[in-house]
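Have a look at the structure below, then the notes.
Just so it is clear, none of the values below were taken in a lab; they were calculated from the coordinates. The model shown is predicted, which means the values in this text are computed figures rather than measured ones. Counting neighbours? That spans all protein chains shown, and the Cβs are built from the backbone with ideal geometry, glycine included.
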Amino acid sequence: MIIRRSALVILMCLEIMLSAANLALVAFSRFRLEAGLPDYDGQMLVFFVITVAAAEVAVGLAIVVALFRSRRTIDVTTLTSMSH
Amino acid sequence: MDLGLIISSAVKIIGFVFLMLMPMIAYIIWVERRFLAIIQDRIGPNRVGIPWTNVGLFGLGQPIADGLKSFLKEDFTPGHVNKFYYVIAPALVMVPALLTCAVLPFGRDLVLPFLDEPIRLVIADLDIGPIWIFAIASLGVYGIVLAGWASNSKYPFLGGVRATSQMISYEISLGLSIIPVLLLFQHLNLNDIVRYQSEHGWLLLPMWGDGWSVQRWLYLIPAGVAFIIFVVSMFAETNRTPFDLPECETELVAGYHTEYGSMKFAMFFMGEYAAMIIGSGLAVTLFLGGWSLPFGLDALVLGVFSDTWFSWVPALLSTGIFFLKIVCFMLFFIWVRGTLPRFRYDQLMKLGWIIFFEAALANIFIAAGILMFA
Amino acid sequence: MPLPLFILFSALTLGFAVAVIANRNPVTAALCLVVSFVGLAALFIGLSAFFIGIVQILVYAGAVMVLFLFIIMLMDIEEEERKHFDRLRTAGGIAVGIGVAFLIGGVLWDFDYGKASLDDVPVQFEAAITLREADADSGIVRSANATAALREGRLKDVALVGEKLFNDYNLHLQMIAVLILIATIGVVTLGKKDSPAPDSGSSGGDKASES
């Protein structure tokens, strides 16, 4: 957000952040054995995060396309009409 | 890691990919040209045989000559392209296509007299076979998209855009169509699936073992629908006629590979055929019993070669059967190419989204109903 | 997972994730993210979460990033120009970065490396089998398929995930399905206006089918 202004790249960075959380969840689910097996509760959360993130990207991209159609730009710093 | 695993994996990779798959890609192109020629009442490539002699060998030297030609041609890169992506795009088509073959079982467990454990004739014996194939095959889109984009000219771009939307649309019906199959087998390991079919009847030919039950015969309905959806979606996924819109020459010159020549073009070509062979392999494995013989003949073969010194014969035989089935399937591919005209693009999208998607969803419910109540 | 492979894949994941942020060409950024996700999937598989790893490739690398690339190509987005940084904001960002680095460093400093390897926490097959059989006897649904695989010493990840999903998280799964349906409808409405949006709906449909 600080150095990138393209809405698309911001969406991508969001995915990276979610993936970091996913990696932590999967790692802990493997190291915390439950009944002798990896703790699948953690992996369930990862599964749901992946599904919701995919839906979120679809909606986000649709918004970006709509934005590009009306403004011809996706630079987030130029979208200031609400602040005046 | 133990050394035995590494050695056996290396031998399997070299044997399966480089000694079986690659020559098959080369020769299936020759077979396609000859077979199409027969369909269209021509002769096809029949001259190239042994050099400097008059021996023609039905043109069997054609693939070698073609390969040499691609290698020796000048590797020309147009000035207006995005160099980096232009160069890696062909590799990105080829690599996923070859990676997917890792989970295809190409034969019964090989029992060697001097080894304690049987060798499984599959490169990676994963418990998630079909999902792995879909996941890696979906990476093949990038090669085509990048080829279209990096070429920086309008026809390749249109071809790339068409290919992308076509492939992500048909991936859905492809994935949904095999769910009834997995519901019946309850395995995701392709080797287990084939072994089950060898003992209990192929999915589309349940005529031995306990395949005579009413449930299995009723199950032919969802299995048949799944097979049709799967095969047609596979045609769309591999950009084959009648769905070769991304490269249709009447509209787009040559689609996404218009700007490519010599070995780079040959890579696209080989990637496409590799994807076709793997696709046929998956169809054969899921629906037509993979490496197994029909009518319970497998048990007979095992009985005949039960002697320790001939215990490797059933494995080799099953590999031969697997490749025979793939070749038959490829002939079907070529036959369709010689028979059907090309679809219009909107028809293709309508078929994928409105007919196949819904049909595959309904099919899952029918299959689950039969499994529950019959 | 052997240590060299772990180092390779984590370097791949982290390096290309940084490249996503550092690159100004959106196509390059998207492709770097794909490589990063493939590395991450390999890490998941190394943690014996096969299903999650493959779903990561299937959904992120196979569907979501193709969608990104598609939008980038269709809208013909050029490289961002280099812009002046707001001094105050840059300083703030660096400060936060240093703070997080200290935090992670502190955690790593205190970490008990005695149990840092997967070999120290092996899957206990015998215990798992006995527990699952007891569960199955007392009427809790347990996949016989997965138990049989455990008996052979294989961790049949997909069956175990499915068991958990449909036993304990069934309601959540249905909620996700409704959410995806709503998202699909929303995307179609957003994209419909003048010309149909380039295939934005497909991702929603894709996910709906997977769950």
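Quick look at the numbers
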read-out	value
Estimated translational D of segment B:149-258 in µm²/s (Stokes, Kirkwood radius over Cα pairs; 20 °C; 1.002 mPa s)	133
Dipole-positive endmost among B:Ile128, A:Val59, B:Phe295 within the protein assembly as shown (Cβ charges, Cα centre)	A:Val59
Solvent-free Debye scattering, log10 I(q)/I(0), computed from the Cα coordinates of segment A:7-72 at q = 0.18 Å⁻¹	-0.70
Hz values of 3J(HN,Hα) by residue in segment B:72-79 - Karplus curve (6.51, -1.76, 1.60), Gly and Pro given as x	7, 5, 5, 8, 9, 10, x, x
Cα lying deepest toward the dipole's positive end in the protein assembly as shown, options B:Phe157, B:Ser177, C:Thr189, charges on Cβ	B:Phe157
Gyration tensor (alpha-carbon) shape descriptor, chain B, a/c threshold 1.5	oblate
Calculated Rg and Dmax of segment B:1-101 using C-alpha coordinates, Å	18.5, 57
Debye log10 I(q)/I(0) at q = 0.19, 0.27 Å⁻¹ for segment B:171-225, Cα point scatterers	-0.64, -1.15
For C:42-54, mean number of other protein chain Cβ atoms within 10 Å	6
Relative contact order (%) - criterion: Cα under 8 Å, at least six apart; region: chain B	23
Segment B:113-143: chymotrypsin sites (Phe, Trp or Tyr not before Pro) in DSSP loop, at most 10 other beta carbons within 10 Å	B:Phe114
In sequence order, calculated HN-Hα J values of segment B:256-268 (Karplus, 6.51, -1.76, 1.60; Hz; x Gly/Pro)	5, 9, 4, 8, 9, x, 6, 5, 5, 5, 4, 5, 4
Amide hydrogen neighbours beyond the local backbone of C:Ser48, cut-off 5 Å, H modeled	none
Magnitude of the charge dipole, segment A:7-72, Cβ model with Lys/Arg +1 and Asp/Glu -1, debye to 20	460
Rounded if a/c under 1.5, otherwise prolate or oblate - segment C:1-81, Cα gyration tensor axes	oblate
Computed [θ] at 222 nm, deg cm²/dmol, chain B (DSSP H ≥ 4; -39,500 (n - 2.57); rounded to nearest 500)	-20000 deg cm²/dmol
Per-residue Cβ neighbour rank within 10 angstrom, fewest leading, A:Leu67, B:Leu19, C:Leu69	B:Leu19, A:Leu67, C:Leu69
Cα shape, segment B:288-327, gyration tensor, a/c 1.5 rule	oblate
Integer Hz, Karplus 6.51/-1.76/1.60 couplings in order for segment B:110-120, x for Gly and Pro	7, 9, 9, x, 9, 10, 6, 9, x, 8, 7
Cα pair distances of the protein assembly as shown binned at 20 Å [whole percent]	16, 50, 30, 4, 0
On Cα atoms only, tilt of B:129-150 relative to the major axis of chain B in degrees	0
Other protein chain Cβ atoms within 10 Å, averaged over every residue that makes up B:349-360	1
Number of partner chain Cβ atoms within 10 Å, mean per residue of C:29-36	4
Signed unit charges on C-beta, dipole axis of the protein assembly as shown, positive-most listed residue C:Val161, B:Met276, B:Leu3	B:Met276
